[in-house]
1. What number of residues within segment 192-222 are touching a residue at least 40 places away in the same chain (Cβ under 8 Å) and open to solvent by 60 Å² or more (accessible area, probe 1.4 Å)?
2. Within segment 89-112, which residues are among the charged types (D, E, K, R) and farther than 13 Å from Cys137 by Cα?
3. Got a sec? Which of Val105, Val88 is among the aliphatic types (A, V, I, L, M), within 24 Å of Phe132 (Cβ to Cβ) and crowded, with 24+ Cβ neighbours inside 10 Å?
4. Return yes or no: is Arg93 open to solvent by 80 Å² or more (accessible area, probe 1.4 Å), at pLDDT below 95 and over 26 Å from Leu240 (Cβ atoms)?
5. For Thr280, indicate whether it is in contact (Cβ under 8 Å) with a residue 12 or more places away in the chain and open to solvent by less than 60 Å² (accessible area, probe 1.4 Å).
6. Where the second residue is open to solvent by 10 Å² or more (accessible area, probe 1.4 Å) and part of a strand (DSSP E or B) and the first is within 23 Å of His91 (Cβ to Cβ) and lies in segment 43-72, which pairs have Cβ atoms under 9 Å and are six or more apart or on separate chains?
7. Let me spell it out: the conditions are (1) modelled with pLDDT of 80 or more; (2) part of a loop (DSSP other than H, G, I, E, B), and Ala157 meets all of them except one. Which number is the exception?
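The values are calculated or read from the model by the stated rules, or taken from the named source; none is laboratory data. Just so you know, these numbers come straight off a predicted model, no measurement behind them. All Cβ positions, even for glycine, are placed from backbone atoms using ideal geometry, and neighbour counts span all protein chains on display. The area values use the complete protein model at the heavy-atom level, side chains included, leaving out ligands, DNA and RNA. Shrake-Rupley method; radii C 1.70, N 1.55, O 1.52, S 1.80 Å.
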Amino acid sequence: LLDTTCMHDLACVVHLHSTYSDGTGTVPEIAAAGRRAGVDVVLLTDHDTLEAKQRGEEGWYGSVLLLVGEEVSPTGRDHYLAFGIDEVIRHRRLNLDAAGICRAVADAGGFGFAAHPFSKGSTRFDRPGMPFSDLECEALHGIELWSFVTDSAERVASISELVRFVMRPESVVDHPPRENVEAWDRLCRERRVAALGGLDAHQIGRRIGNRVPLKLMSYSRSFRYLHTHVLCEELPDGDLAHDREQVYAALRAGRCFIAMDALAPARGFSFWADGPAGTTTMGAEEPAGDWTLHVSAPRPAELRLLRDGSEVAR
């Protein structure tokens with residue numbers, strides 16, 4: 001068993017797009033935005049391409065590690081954030097459904113997370129949803145429990161609320177949708193399903209030459225908000241293969257947590273449990289029994305324990 005007190009907490013931003021798909025920033029610009037926002041790791045997931053990796057752009061940019069995955073992107077459905085793969089998943093050529101995409105990623109030695117899996121669309125703005133249709137698939141590794149832009153934008157009820165979200169997201173949202181958490185809880189009763197928080201950041205605007213003169217939700221601003229913190233066994237040492245494996249091992253094990261760091265920095269948070277098998281840590285699976293859950297927060301906080309969507313302890 002791993003002792004989380006000896007773990008190294010790295011703050012990651014996940015699910016974002018560059019000029020290699022439908023974003024407006026280059027890879028170096030995105031890494032620079034990560035530095036300005038104070039994050040440790042940027043996980044790039046352009047649609048249906050690994051071009052940034054193939055061009056040798058994966059690696060360290062000063063204090064920021066940029067890793068390259070792929071958002072496998074069938075039209076209108078079943079998007080999947082795939083990591084640890086070296087070749088693009090040819091889902092169109094093979095006509096893969098949701099389960100087929102999960103299996104293809106696993107067969108390629110990778111793992112992944114269903115992107116915006118609970119998307120329902122927006123009736124207010126007449127936008128269709130883009131859900132993931134097979135969360136029961138055995139090859140599914142995890143889910144994007146909180147898709148910051150998608151989950152928030154789909155719940156906007158008016159133009160004024162949309163403007164508030166674009167200008168000051170923290171004034172509109174500070175937690176994932178309750179129904180997302182309830183659905184994740186149901187999935188986890190059957191088997192381990194890891195979870196992360198994603199931004200789906202594009203930096204809305206138009207690129208003119210080497211600049212984006214007018215932009216909404218810039219990368220550097222978006223990166224201040226929703227982070228997925230990973231707990232790594234070893235500190236990064238500057239070696240790409242070693243450092244990438246530390247981040248991916250934590251995500252594979254579910255040794256991570258989601259934080260709205262714009263509200264309060266969460267680095268240092270951890271939880272563990274004492275019970276019949278001794279002490280077990282974040283991401284572990286243990287048999288039923290009399291377990292005592294412990295939580296360590298880096299600053300005073302209100303803690304709530306939910307079960308079946310209802311609060312059972314505070």
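1. 6
2. Answer for segment 89-112, where residues must be among the charged types (D, E, K, R) and farther than 13 Å from Cys137 by Cα: Arg90, Arg92, Arg93, Asp107.
3. Val105
4. For Arg93, the condition - open to solvent by 80 Å² or more (accessible area, probe 1.4 Å), at pLDDT below 95 and over 26 Å from Leu240 (Cβ atoms) - is met.
5. yes
6. Glu70/His47; Glu71/His47; Val72/His47
7. Among (1) modelled with pLDDT of 80 or more; (2) part of a loop (DSSP other than H, G, I, E, B), Ala157 violates only (1).
For (1) at pLDDT 95 or above; (2) in a loop (DSSP other than H, G, I, E, B); (3) open to solvent by less than 10 Å² (accessible area, probe 1.4 Å); (4) touching a helix residue (DSSP H, G or I) at 6+ places or on another chain (Cβ under 8 Å), each residue gets a yes or a no:
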site	(1), (2), (3), (4)
Arg224	no, yes, no, yes
His229	yes, no, yes, no
Ala241	yes, no, no, no
Arg244	yes, no, no, no
Ala250	yes, no, yes, no
Ala262	no, yes, no, yes
